[in-house]
Amino acid sequence: MKVCVIGTGYVGLVTGVCLAEIGHNVICVDKDEKKISLLNIGKVPIYEQGLEEIVRKNRDSGNISFSRDVGYGIKNSDIIFISVGTPPLSTGKPDLSSLDEVAKLIGKSINGYKIVVNKSTVPIGTAKRIKKIIKENQDNDHSFDIVSNPEFLKEGEAVDDAFFPERLVIGSESKKAIDIMKELYGPIINQDFDYARANSHKKEKVPVLITDSTSSELIKYASNSFLASKISFINEIANLCERIGANILDVTYGMGLDTRIGTRFMKAGIGWGGSCFPKDVRALSYTAEEYGAGANILNAVIHVNNQQRFKVVQKAMDLLGIIDDKVIAVLGLSFKPNTNDTRETPSIAIINKFLELGAEVRVYDPVVKEYPSDMDKGAVMASDPYKASDKADLLVLVTEWDEFLNLDYGKIKKIMRSPNIIDGRNCLCKKSLTDMGFNYKGIGI
């Protein structure tokens, strides 16, 4: 099928490449000239495992192309995916200005029956909003249908999530559009496509939920908000563990043996970040209150998470006393491993607070090498974890990159001024580090 994907961020680019890989003809469009220039030479502007290789393969085969001409992409496609950003406003309400702009362009460029698929995370009623804007901007009477098709991609695992999803949700009031979408995704639904890593996955048919557009829009927000709630809940339990002398690792394991609960998203630490959980929880809270449904749990989830990242600062004070003039090494800037995304990452809040308290901060991340826009430039970007740790009074692990699990901590102890470690993800071995002579503090252990 002929497909246009508008927006080449994590969602748009992964979606476009995945559809090209299973045999469709895809045009990826973005107004960002730098992004398109990079993609046209086979380079990917984001860090995502396995993505660049598939981009190059499908670019070379002609299955995918990249352009800044939105009108061209719309006119030469039958299915148009909208994958633009919907960042939160100060109220938590999603900013739909980019999506509205795209809908206007679709209305002006439509030249035959089209299916317009919203892949962006959007509030309830957006499908109707898009339909209205397209109609208002049409110069003709070409028919079109709207589909809500939320994404469930995890950064760092987005390529596999696209090829091997746990479910597909298709929300529309048009049977014709639904049938075409099922055909579009046929190879994924039936798991009968040719992909290098397919043999490492179970080839079970992917469940498909057909629903209305409003329910589809809510499924995305409700899913992310529930996962964020699990993290905030277990962090509160971890804080209680520290007060009463319990071990959060044992508590979580014991809870997880109950199949109704499980262990996923039940890992205590310094809270969630990234581009999805923060904005989606706030957006759902805003929507619930807007419709008079109340959002007490959602607001509590946000509050707990905002407080959790500063537990590290309190632990640093417990270990060091006055922070002023102390040297603190921070390992990890991205909000999770295997991505270079620093949006709403706990690291930046922690680093900025340390600097505010007068500490000298050195930061190392395996992938992030440039200063995020919201990070205080007073922090020093170290070239490796050992240089970050040299003469440090405290080492704080924020992101659980594999590299940090395999460091020579004996060497680090020798070069540190004081052997203090705060493990913000509970991913290091407390006993081993304590036996080496470190003063170790985790979260709830």
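The values are calculated or read from the model by the stated rules, or taken from the named source; none is laboratory data. What you are looking at is a predicted structure, and each value in this text was computed from that prediction instead of being measured. Every residue, glycine as well, gets a Cβ built from its backbone with ideal geometry; the counts of neighbours run over all protein chains shown.
Here are the numbers for the structure shown:
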quantity: Total residues in the stretch 9-64, condition part of a helix (DSSP H, G or I), of a type outside the set (D, E, K, R) and out of contact with any Pro (no Cβ under 9 Å at 6 or more places or on another chain); calculated: 18
quantity: Flag if residue 321 is surrounded by fewer than 20 Cβ atoms within 10 Å (Cβ to Cβ), over 23 Å from the mean Cα position of the chain (by Cα) and outside the structural domain of residue 380 (by TED's automatic domain parsing); calculated: no
quantity: Residue list for the stretch 273-296, filter: polar (S, T, N, Q), assigned to a helix (DSSP H, G or I) and more than 10 Å from residue 225 (Cα to Cα); calculated: 287, 296
quantity: Residue 139 being part of a helix (DSSP H, G or I), surrounded by fewer than 21 Cβ atoms within 10 Å (Cβ to Cβ) and either modelled with pLDDT under 95 or not aromatic (Phe, Trp, Tyr) (or both); calculated: no
quantity: Some residue of the stretch 129-136 being acidic (Asp, Glu), free of Cβ contacts under 8 Å to residues at least 40 places away in the same chain and over 26 Å from residue 280 (Cβ atoms); calculated: yes
quantity: Which listed residue, of 334, 275, is among the hydroxyl-bearing types (Ser, Thr, Tyr), buried (at least 23 other Cβ atoms within 10 Å of the Cβ) and touching a residue at least 12 places away in the same chain (Cβ under 8 Å); calculated: 334
quantity: Residue in the stretch 297-307 that is over 11 Å from residue 228 (Cβ atoms), out of contact with any Pro (no Cβ under 8 Å at 6 or more places or on another chain) and without any contact (Cβ under 8 Å) to a residue 12 or more places away in the chain present; calculated: yes
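A quick yes/no check of all residues on (1) crowded, with 19+ Cβ neighbours inside 10 Å; (2) within 23 Å of residue 304 (Cβ to Cβ); (3) acidic (Asp, Glu):
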position: 215; (1), (2), (3): no, no, no
position: 220; (1), (2), (3): yes, yes, no
position: 225; (1), (2), (3): yes, yes, no
position: 239; (1), (2), (3): no, yes, no
position: 251; (1), (2), (3): yes, yes, no
position: 261; (1), (2), (3): no, yes, no
position: 291; (1), (2), (3): no, no, no
